[in-house]
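Worksheet: one structure, shown below.
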Amino acid sequence: MFLVMALAGALLAGCRVSDVREVQVKVPAMASEADLQKVREALRPLIGVVQDKTTYDLAARTVNVRYDSMQIAHKNIEIAIAEAGYEANGIPAIPKAPAR
């Protein structure tokens with residue numbers, strides 16, 4: 001029994017619970033503080049994005065996003081920005097459908 005518990009403990013200790021990474025997202029149309037705020041709002045609801053470690057460089061038109069790759073993929077981050085109406089690392093902006 002002890003051997004089984006020791007083996008299970010060793011296996012669980014090797015399992016990753018988080019894998020924090022960083023991705024730089026180029027947002028060419030992020031030219032003003034209002035644009036930056038829209039991009040920030042697009043990232044706010046994403047689970048796995050480390051909000052307080054994400055930085056915005058308006059002059060370079062980039063966002064350096066820290067995220068946990070066990071919870072979200074970098075493509076999801078880029079798509080969230082594209083859905084906010086901004087090109088992100090070559091993913092074209094996704095325009096919102098007009099209200100009816």
Can you name every residue in region 47-100 that is modelled with pLDDT of 95 or more, at negative phi and of a type in the set (D, E, K, R)? D52, K53, D57, R66, D68, K75, E78, E83, E87
Determine whether region 19-38 contains at least one residue that is modelled with pLDDT of 95 or more, on the phi > 0 side of the Ramachandran plot and either in contact with a strand residue (DSSP E or B) (Cβ under 7 Å, 6 or more places away or on another chain) or of a type in the set (D, E) (or both). no
Among the residues of region 55-69, is any free of Cβ contacts under 8 Å to residues at least 12 places away in the same chain, touching a strand residue (DSSP E or B) at 6+ places or on another chain (Cβ under 8 Å) and among the hydroxyl-bearing types (S, T, Y)? yes
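The values are calculated or read from the model by the stated rules, or taken from the named source; none is laboratory data. Everything numeric in this text was worked out from a predicted model, so none of it was measured. A quick note on method: Cβ atoms are made from the backbone with ideal geometry, for glycine too, and the neighbour counts reach across all protein chains shown.
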